[in-house]
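Take a look at the structure set out below.
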Amino acid sequence: MERDAWRTSSRSGNNGQCVEVRDRRVQVDVRDSTVPDAGMLTFAPAAWDAFVDTIKGNARRP
């Protein structure tokens, strides 16, 4: 992931409801792309990685 640049989640659909992520090394920011000025959630990198790993693991379950 390119650092400091917002990117759209690869799991976002084409329905206009997208999540954007920005890795700033010391924190990971997450926002709604439809209202980017509404604010963002900020995570420690380890917490974000744990969240993503959990989601990926749950997505593979039947």
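Quick notes on this structure:
- Taking the number of Cβ atoms within 10 Å of each Cβ as an exposure proxy, the fewest-first ranking of W6, W48 is W6, W48.
- For the range 7-57, the C-alpha radius of gyration divided by 2.2 N^0.38 Å, with N the number of residues, is 1.15.
Each reported figure results from applying straightforward, stated rules to the coordinates on display, with no laboratory input. This is a predicted model, so every value here is computed, not measured. Backbone-built Cβ (ideal geometry, glycine too); neighbour counts: all protein chains shown.
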